[in-house]
Amino acid sequence: MKLRRKTIAKAIVVVFVFNLVVMGAGAWFAYQEAPPIPEEVVGPDGDVVVTDEQIRDGKRVFQKNGLMNHGSILGNGAYYGVDYTADALDLKVQYMREYYAQERYGTAYEDLSSERQAAVADIVEQELDTSYDGGAIQYSAAELYAHRQVRQEYVQRYHEGSHARGVPAEMIESAEEARQFADFAMWTAWFSHTDRPGSSHSYTNDWPYQPGAGNDATGAAMTWSVIAMILLVAGAGAGIWLYRSVELPEPKAEGISVPKPGEMSVFPSQRSALRFIPIAAGLFLAQVLLGGLLAHFYIERAGFFGIERVFGVHILQLLPFAIAKTWHIDLGILWIATTWLGAGLFLPPLLTGHEPTRQSTYVNGLLGALVVVVVGGLGGIWLGANGYFDGQLWWLLGNEGLEYLEVGKVWQFGILAGFGIWAVLAVRGLKPLLDREPPYGLAHMILYAGGSIALLFTAGFLFTPSTNIAVTEFWRWWVVHMWVEGAFEFFIVAIVGLTLVSMNLLSRRSAEKAVMLQALLVMGTGVIGVSHHYWWIGMPDTWVPIGSVFSTLELIPLVFILYEALGQYRAMSAGEFPYRLPFMFIVASGVWNFVGAGVLGFFINLPLINYYEHGTYLTVGHAHAAMFGAFGFLALGMVAYMLQIAIQPARWDASWLRASFWCWNVGLALMVFVSVLPVGFLQLETAFTQGYAAARSLAFYEQPIIQMLFWARLPGDTLIIVGTVIYAADILRKRFVLRHSEEDPDVEDMAVAQGVLGDD
């Protein structure tokens, strides 16, 4: 089956418009169907218990203090602490049972006979499993008692501190703010058990699982899980069929002139682009060191290998889990993005032999701006979380407190501006290609991909700390998921296509066709696939079928890309090919992308599984395998390629990078399969049998078998850290053997450019 570039380009436009219509309609529904924030919550005597402003204040406290990177809300966030929604609901059920046990029988609930316990539990379930018709929320006496008890509990935990839970003293500065946070958590618990008008299930589709409040998996979750499993088989088959049937030229290393590193000049802008690499390596090293600390926090919640007993200082007070987790996530995004930005500015001269005036100076300026944003953003997180910003500055300059969007809005705007500057520099570098190729050419696709990353990032500016949490989560996932499953993958396949062209392994036309087809598959499934994040956060239940279908279809491009990577590496393995190491990273990326995003992603995105699994260690396994295994390895492969071109051929030494490669792969496999996934499966079993809150409780984590599995993570984490240390050291030593750049570049100096520019 032959496909023309123009045909694929038209299909991409159609898919883009379709995605825009679906997600635009979803945005409108998000505002219409979000759980209401009542003006008042009143007790049985009519006294006001909570106001809408107190609930909004509680959300601000939640974000300001980085609580989403300690625990989670509606299942989204960190898994070290409790899920605040599930915890508040579980406490509400417990305290209401205690209230009725004392009122009716004059004793504690646990001391009642099984018959009386069942009677009390039935009263509580019927009282909570109700609907809402607007106006003030009317509490019963039992609900009022439970709400007040939860307030006290949260003051003790999050203001006074609880080292057993890993909560530093004064994590929330005042007792009043801790009570406001409790009000916010109790509101999310309220709409998780209260039926949506005209529906037989709650605003969260009866999540979390808590039978005592009438919450259980819906019939739709079962039905669409079965449909998704059927689509899985069809999707896998479709991916293989596409790969076999679509005629795409495969890269071949035999019988062609592959430009060797010494045959290509290095231009000043490329030397400047290489400066992104040591910055990214430093960020990467900091990230994995923090990752090791975070993993150990699950074992010693206030210590680090007994150091606190020697020096009398708890590391938890110096570097709380929430701040360490925030930095860990942000550093992961930053080092990968920094590497790709550098690669996007390194490749154009290879393809064009063109060096715009003062391009090197501007690239250095972009790097300087990036350093300012990184230092300002990471420093602002610590300052904001520690109360150094007054008024609105805490979320503008400090810690906005939403997972993956932690840095303040000013620094987020700086990141957005950086993408804009990068796009301008990329246009300058690719201009000879842009002037000669059609709008669907390879150079244009690089700009479209970079532009889509920036466009989706603007969704993070469409909410404030006062916005309804359901609407906030709707927009947040636009940035997080659509980056990963849409724009970021589009950008990566375009960069890989450019790389193959720069190696003379594919003609520009062939690369354009391959990249466009992969982009079509990625955009056609990944963008709307974000909707599987909307099932339990208070969005309409129409997202259950939509999310089930498109999340399953995301497997098609993953299968396709895996086959492409394996095919590329088979070609590279034959004969003498100078760039075999970069392709080892590309293959590893394809394998981990298939395992992490494909296999593990599909499993946890079955609605019935996700209902119980949402916010457990199974998600941790999926995230690490997909993010580091897929995007990280591709970025590292680009580093290997850039360095091999830029270093004097006689001085090139791949041994350290190869050692890092195997340390990372073995370490990631040990971490995911020996420790993280077993913990996740045990959590899933606990959620099935005891309820979701039990699976996220401190008691679960303190079980001997879970502690043993946490210790079993140490070898894998150590290998990843060792691999990163070797990598960072190798980057430093390679800085001293870089070739000199050409001061007066010309197309004749670039072995690839003449063929690319003539490939019309």
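The values are calculated or read from the model by the stated rules, or taken from the named source; none is laboratory data. Everything quoted here is computed from the prediction, not taken from an experiment. Ideal geometry is used to build each Cβ from the backbone, glycine not excepted, and the neighbour counts take in all protein chains shown. What goes into the accessible areas is simple: the full protein's heavy atoms, side chains included, and nothing from ligands, DNA or RNA. Shrake-Rupley method; radii C 1.70, N 1.55, O 1.52, S 1.80 Å.
Being β-branched (Val, Ile, Thr) and either in a loop (DSSP other than H, G, I, E, B) or at pLDDT below 75 (or both) is the filter here; which residues of segment 547-579 pass it?
Applying the first criterion (β-branched (Val, Ile, Thr)) to segment 547-579 yields 549, 552, 556, 559, 561.
Thr552, Ile556, Val559, Ile561 - these are the residues of segment 547-579 that are β-branched (Val, Ile, Thr) and either in a loop (DSSP other than H, G, I, E, B) or at pLDDT below 75 (or both).
Say we look at segment 419-436 and pick out the residues that are touching a helix residue (DSSP H, G or I) at 6+ places or on another chain (Cβ under 6 Å) and closer than 13 Å to Ala369 by Cα; which of these is most open to solvent (accessible area, probe 1.4 Å)?
The extreme case among them is Ile421.
Name the pairs whose Cβ atoms lie under 7 Å apart, with the first residue in segment 579-601 and more than 18 Å from Ser655 (Cα to Cα), the second aliphatic (A, V, I, L, M) and not in a helix (DSSP H, G or I), and 6 or more positions between them or separate chains?
No pair meets every condition.
Taking the condition without any contact (Cβ under 8 Å) to a residue 12 or more places away in the chain, in a helix (DSSP H, G or I), of a type outside the set (Gly, Ala, Ser) and open to solvent by 10 Å² or more (accessible area, probe 1.4 Å), does Glu176 pass?
Values: without any contact (Cβ under 8 Å) to a residue 12 or more places away in the chain: yes; in a helix (DSSP H, G or I): yes; of a type outside the set (Gly, Ala, Ser): yes; open to solvent by 10 Å² or more (accessible area, probe 1.4 Å): yes.
Yes; evaluated as a whole, the condition is true for this residue.
What are the residues in segment 670-700 that are over 22 Å from Gly212 (Cβ atoms) and of a type outside the set (A, V, I, L, M, F, W, C), if any?
Of everything in segment 670-700, those that are over 22 Å from Gly212 (Cβ atoms) and of a type outside the set (A, V, I, L, M, F, W, C) turn out to be Ser675, Pro678, Gly680.
What helices (runs of 4 or more DSSP H), lying completely within segment 632-694, carry at least 3 residues that are within 15 Å of Thr619 (Cα to Cα) and in contact with a helix residue (DSSP H, G or I) (Cβ under 9 Å, 6 or more places away or on another chain)?
Per the criteria, 677-690.
Of the numbered conditions (1) in a helix (DSSP H, G or I); (2) open to solvent by less than 50 Å² (accessible area, probe 1.4 Å); (3) in contact with a Pro (Cβ under 6 Å, 6 or more places away or on another chain), Gln317 satisfies every one except a single condition; which is it?
Among (1) in a helix (DSSP H, G or I); (2) open to solvent by less than 50 Å² (accessible area, probe 1.4 Å); (3) in contact with a Pro (Cβ under 6 Å, 6 or more places away or on another chain), Gln317 violates only (2).
Restricting attention to segment 363-378, does a residue exist that is part of a loop (DSSP other than H, G, I, E, B), surrounded by fewer than 15 Cβ atoms within 10 Å (Cβ to Cβ) and of a type outside the set (Ser, Thr, Tyr)? Lay out the reasoning, then the answer.
Going residue by residue through segment 363-378, those that are part of a loop (DSSP other than H, G, I, E, B) are none.
No, because not a single residue in segment 363-378 is part of a loop (DSSP other than H, G, I, E, B), surrounded by fewer than 15 Cβ atoms within 10 Å (Cβ to Cβ) and of a type outside the set (Ser, Thr, Tyr).
Pairs needed: first member in segment 140-152, without any contact (Cβ under 8 Å) to a residue 12 or more places away in the chain; second member anywhere, part of a helix (DSSP H, G or I) and crowded, with 17+ Cβ neighbours inside 10 Å; C-beta distance under 9 Å; at least 6 residues apart or different chains.
From segment 140-152, the pairs are Arg148/Tyr95; Gln152/Arg179; Gln152/Ala182.
Only one of Leu738, Leu757 is at pLDDT 70 or above and not small (Gly, Ala, Ser). Can you tell me which?
Details: Leu757 fails: at pLDDT 70 or above.
Selected residue: Leu738, the only one of Leu738, Leu757 that is at pLDDT 70 or above and not small (Gly, Ala, Ser).
Filter segment 189-230 down to the residues that are aliphatic (A, V, I, L, M) and farther than 26 Å from Thr552 by Cβ and list them by number. Can you show your working first?
From segment 189-230, those aliphatic (A, V, I, L, M) are 189, 213, 217, 220-222, 226-230; that's our starting set.
Hits for segment 189-230 are Ala189, Ala213.
Check His193 against each of (1) surrounded by fewer than 24 Cβ atoms within 10 Å (Cβ to Cβ); (2) in contact (Cβ under 8 Å) with a residue 12 or more places away in the chain; (3) in contact with a strand residue (DSSP E or B) (Cβ under 6 Å, 6 or more places away or on another chain) and name the one condition it does not meet.
Every condition holds for His193 apart from (1).
Tell me which residues, restricted to segment 510-546, are part of a loop (DSSP other than H, G, I, E, B), farther than 17 Å from Val15 by Cα and not aromatic (Phe, Trp, Tyr). Step through it out loud before you land on a result.
So in segment 510-546, the residues part of a loop (DSSP other than H, G, I, E, B) come out as 527, 535-542.
Cutting the leftovers down to farther than 17 Å from Val15 by Cα gives us 535-542.
Answer for segment 510-546, where residues must be part of a loop (DSSP other than H, G, I, E, B), farther than 17 Å from Val15 by Cα and not aromatic (Phe, Trp, Tyr): Ile537, Gly538, Met539, Pro540, Asp541, Thr542.
Yes/no matrix, rows are residues, columns are (1) small (Gly, Ala, Ser); (2) open to solvent by less than 30 Å² (accessible area, probe 1.4 Å); (3) more than 28 Å from Asp83 (Cα to Cα):
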position	(1), (2), (3)
Tyr611	no, yes, no
Met627	no, no, no
Gln644	no, yes, yes
Leu670	no, no, no
Val676	no, yes, no
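Quick check on segment 206-231: of everything there that is among the aromatic types (Phe, Trp, Tyr) and not in a helix (DSSP H, G or I), which residue is farthest from the chain's Cα centre (by Cα)?
Going residue by residue through segment 206-231, those that are among the aromatic types (Phe, Trp, Tyr) are 207, 209, 224.
Filter again for not in a helix (DSSP H, G or I), leaving 207, 209.
Values: Trp207: 22, Tyr209: 24 Å.
The qualifying residue farthest from the chain's Cα centre (by Cα) is Tyr209.
For segment 30-38, check the following and say yes or no: at least one residue is closer than 30 Å to Glu176 by Cα and touching a strand residue (DSSP E or B) at 6+ places or on another chain (Cβ under 6 Å). Write out each step before concluding.
Filtering segment 30-38 for residues closer than 30 Å to Glu176 by Cα gives 31, 34-38.
Next, only the ones that are touching a strand residue (DSSP E or B) at 6+ places or on another chain (Cβ under 6 Å) stay: 38.
Within segment 30-38 (the criterion being closer than 30 Å to Glu176 by Cα and touching a strand residue (DSSP E or B) at 6+ places or on another chain (Cβ under 6 Å)), the answer is yes, since at least one residue qualifies.
With the condition kept exactly as written, say whether any residue in segment 144-166 is within 20 Å of Ala470 (Cβ to Cβ) and open to solvent by 70 Å² or more (accessible area, probe 1.4 Å). It would help to see each step written out before you state the result.
Restricting attention to segment 144-166, the residues satisfying the condition of being within 20 Å of Ala470 (Cβ to Cβ) are none.
Within segment 144-166, not a single residue is within 20 Å of Ala470 (Cβ to Cβ) and open to solvent by 70 Å² or more (accessible area, probe 1.4 Å).
Report, by residue number, each residue of segment 379-405 that is open to solvent by 20 Å² or more (accessible area, probe 1.4 Å), of a type outside the set (Phe, Trp, Tyr), in a loop (DSSP other than H, G, I, E, B) and in contact (Cβ under 8 Å) with a residue 12 or more places away in the chain.
Step one: list which residues in segment 379-405 are open to solvent by 20 Å² or more (accessible area, probe 1.4 Å), which gives 379, 382-383, 385-393, 395-397, 404.
Of the ones still in play, those that are also of a type outside the set (Phe, Trp, Tyr) are 379, 383, 385-387, 390-393, 396-397.
Add one more test, that the residue is in a loop (DSSP other than H, G, I, E, B), and what stays is 386-387, 390-392.
Answer for segment 379-405, where residues must be open to solvent by 20 Å² or more (accessible area, probe 1.4 Å), of a type outside the set (Phe, Trp, Tyr), in a loop (DSSP other than H, G, I, E, B) and in contact (Cβ under 8 Å) with a residue 12 or more places away in the chain: just Gly387.
Do we find that Leu285 is at pLDDT 85 or above and not aromatic (Phe, Trp, Tyr) in this structure? Talk me through it step by step, then tell me what you get.
Working: at pLDDT 85 or above: yes; not aromatic (Phe, Trp, Tyr): yes.
When the stated conditions are applied, Leu285 passes them.
Within the set of pairs 6+ apart or on separate chains, which have a first residue in segment 655-678 that is within 16 Å of Trp711 (Cβ to Cβ), a second that is outside any helix (DSSP H, G or I), and C-beta atoms under 6 Å apart?
Cβ pairs passing all conditions: Met671/Arg713; Val674/Ala712; Ser675/Ala712; Ser675/Arg713.
Determine whether Thr499 is touching a residue at least 60 places away in the same chain (Cβ under 8 Å), open to solvent by less than 20 Å² (accessible area, probe 1.4 Å) and more than 20 Å from Gly418 (Cβ to Cβ).
Values: touching a residue at least 60 places away in the same chain (Cβ under 8 Å): yes; open to solvent by less than 20 Å² (accessible area, probe 1.4 Å): yes; more than 20 Å from Gly418 (Cβ to Cβ): yes.
The answer is yes for Thr499.
Please report, ordered by residue number, the helices (runs of 4 or more DSSP H) entirely within segment 409-489 with at least 2 residues that are within 28 Å of Phe181 (Cβ to Cβ). Can you show your working first?
On the way: elements: 409-436, 442-457, 469-482.
Those helices (runs of 4 or more DSSP H) span 409-436, 469-482.
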